[in-house]
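J.: Quick one: structure below, then a few questions.
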């Protein structure tokens, strides 16, 4: 236990020691060497976070592979436990900013586990509970970091920008080299690394505010600011080529939130225009090339078109990098007067305001007229039987299948009003409310395509209440960190150093807020909550906002770590965290162990080894006692052996007994 605490302190001191400030904790020598090579603490922490976010995205992928997701969840739980131990060992005393939000998140995780007892599909509810627990760990880790190292906010925003750009860059790279990265994918839409186009589009949308911050900030980082323009081009092209209409909408919302709240509008507007131009050029080339945008194209045709597409991307990125350098040089050398900035800002606001006015006039001039066109659009959007193709034309189509899933989710919730049908129970319960034709055509759909709708179906009014309480608590905590209640007008005279730092930090935190809003709005219209790569990135931003506290009241760290031998309270806390983490990891791994035993049982049965097959099947049933699959398998094995009484037993009272053991074990 003492070794775990020491390791946590060492890692923390290496990554987060204050710039230029000596640290008495271990690891100072290594940090000094790295700093002597130009590697700052912000860079190291940002690199660590970027790597972690990318690993989650690439390993967990679409959240379906049980083995990959289990180990990602175990890693998140372990990191969360290490963060909690670090807070206990070196965290300074202070207000418990964000702890209320963390407790409500814990209540949501507890509700998810509790729903196993009444779920229509307990095995999948267990899997969802494990995922929610890992999300809680990711949120808590970010909250702990904001408390321990509040000055490292640049690393968080930078990691969001870098990870989103690299992930979307990889998605484009799959198009360039399909034979290497994804030779069997028949669809033209960008899927990787999540296997779901809307998740790829959402990652691009979340990266836009972070890249705007990277390019528009006043701090001296010319290289990063220059690269922000080609980064935005990559994100924009990923948005368009994913054919994700929802992602395009939330990207506009997130960028709009950033421009409304962040006082760097002219800088950001210039960078966005340049980035949009580059992204439009890349997207236009791809959409105009049938082998890149259509479905079912042969690998040879896709490869040939992809290689040309790669040259186009390279040329556009080089041009946008030059444009970004010129924009950075101009912004740094030519400072506009406040009067000119106000005039330019007024013109830009006026132009933006003319967009909806022009839209209304165009609609009024259509053959249906204003009211008729509005009615047509509304009916198309809410048609529960609407369908849309996977071709690029979907970007301007209104029809979609979400009203059908939302209608089903609401119906399921109304029929199970208090507690719902259990976590991920929508996938099983929806079969009772859909026609056989719809079920056969959409058998792969297991989510209600909306977090709130699925929460109502899975957890009923209890889940909705817990979710809304969590949202309100997070909003209050974030409002405190963003200082939205404080006057923003600067006092007369030159600003103090602390005031300048607060202003820069507030801009960074507002950028994180825009990222969270982007994810939150998208989660209302899609099931991206179940995609770890998107969700963990958003939770890191949300956790930092919740745990930061008022900008002028940072908590920070102790000059020396607490000695556990002299602090019984800290010792008990560390021991409790270790025990809880080990228990959580054990609970998380059990379904995977059951799945492995189940696969071994099938393999033994195929090779005619009935005894080994029964042994492995019983092991699978014990490891995951709420799953019916091992019971069916044992029944089939007994039937093949002629033992019909044992076969009936495994499908009868044994299941009840195993479920009772599961409840006691959980």
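J.: Which numbered condition in (1) out of contact with any strand residue (DSSP E or B) (no Cβ under 9 Å at 6 or more places or on another chain); (2) touching a residue at least 60 places away in the same chain (Cβ under 8 Å) is the only one that residue 583 fails?
T.: Tallying (1) out of contact with any strand residue (DSSP E or B) (no Cβ under 9 Å at 6 or more places or on another chain); (2) touching a residue at least 60 places away in the same chain (Cβ under 8 Å), residue 583 fails exactly one: (2).
J.: Restricting attention to region 592-608, does a residue exist that is closer than 24 Å to residue 118 by Cβ, within 34 Å of the chain's Cα centre (by Cα) and either assigned to a loop (DSSP other than H, G, I, E, B) or at pLDDT below 90 (or both)?
T.: no
To keep it simple, each residue is scored yes or no on (1) assigned by TED's automatic domain parsing to the domain that holds residue 141; (2) in a loop (DSSP other than H, G, I, E, B); (3) at pLDDT below 50.
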{"residue": "7", "(1), (2), (3)": "yes, no, yes"}
{"residue": "11", "(1), (2), (3)": "yes, no, yes"}
{"residue": "14", "(1), (2), (3)": "yes, no, yes"}
{"residue": "24", "(1), (2), (3)": "yes, yes, yes"}
{"residue": "47", "(1), (2), (3)": "yes, no, no"}
{"residue": "51", "(1), (2), (3)": "yes, no, no"}
{"residue": "67", "(1), (2), (3)": "yes, no, no"}
{"residue": "70", "(1), (2), (3)": "yes, no, no"}
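J.: Could you tell me whether region 165-172 includes any residue that is crowded, with 23+ Cβ neighbours inside 10 Å, within 30 Å of residue 582 (Cβ to Cβ) and in contact (Cβ under 8 Å) with a residue 24 or more places away in the chain? Can you show your working first?
T.: To start, the set of residues in region 165-172 that are crowded, with 23+ Cβ neighbours inside 10 Å comprises 165, 167-168, 171.
From the residues that got through so far, the ones that are within 30 Å of residue 582 (Cβ to Cβ) too are none.
No, there is no match, as no residue in region 165-172 is crowded, with 23+ Cβ neighbours inside 10 Å, within 30 Å of residue 582 (Cβ to Cβ) and in contact (Cβ under 8 Å) with a residue 24 or more places away in the chain.
J.: Would you mind telling me which numbered condition in (1) closer than 30 Å to residue 559 by Cβ; (2) modelled with pLDDT under 95; (3) surrounded by 22 or more Cβ atoms within 10 Å (Cβ to Cβ) residue 141 fails?
T.: Condition (2) is where residue 141 drops out.
J.: Only one of 414, 454 is at pLDDT 90 or above and buried (at least 22 other Cβ atoms within 10 Å of the Cβ); which? Before the answer, list the steps.
T.: On the way: 414 fails: buried (at least 22 other Cβ atoms within 10 Å of the Cβ).
Just a single option satisfies the conditions, and that option is 454.
Here's the yes/no breakdown for (1) in contact with a helix residue (DSSP H, G or I) (Cβ under 7 Å, 6 or more places away or on another chain); (2) farther than 16 Å from residue 585 by Cα:
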position	(1), (2)
69	yes, no
77	yes, no
95	no, yes
98	yes, yes
111	yes, yes
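J.: What residue, among those in region 553-568 that are modelled with pLDDT of 85 or more and not in a loop (DSSP other than H, G, I, E, B), is surrounded by the most Cβ atoms within 10 Å (Cβ to Cβ)?
T.: Going through the qualifying residues, I end up with 557.
The values are calculated or read from the model by the stated rules, or taken from the named source; none is laboratory data. Predicted model only: the values in this text are computed from it and were never measured. Every residue, glycine as well, gets a Cβ built from its backbone with ideal geometry; the counts of neighbours run over all protein chains shown.
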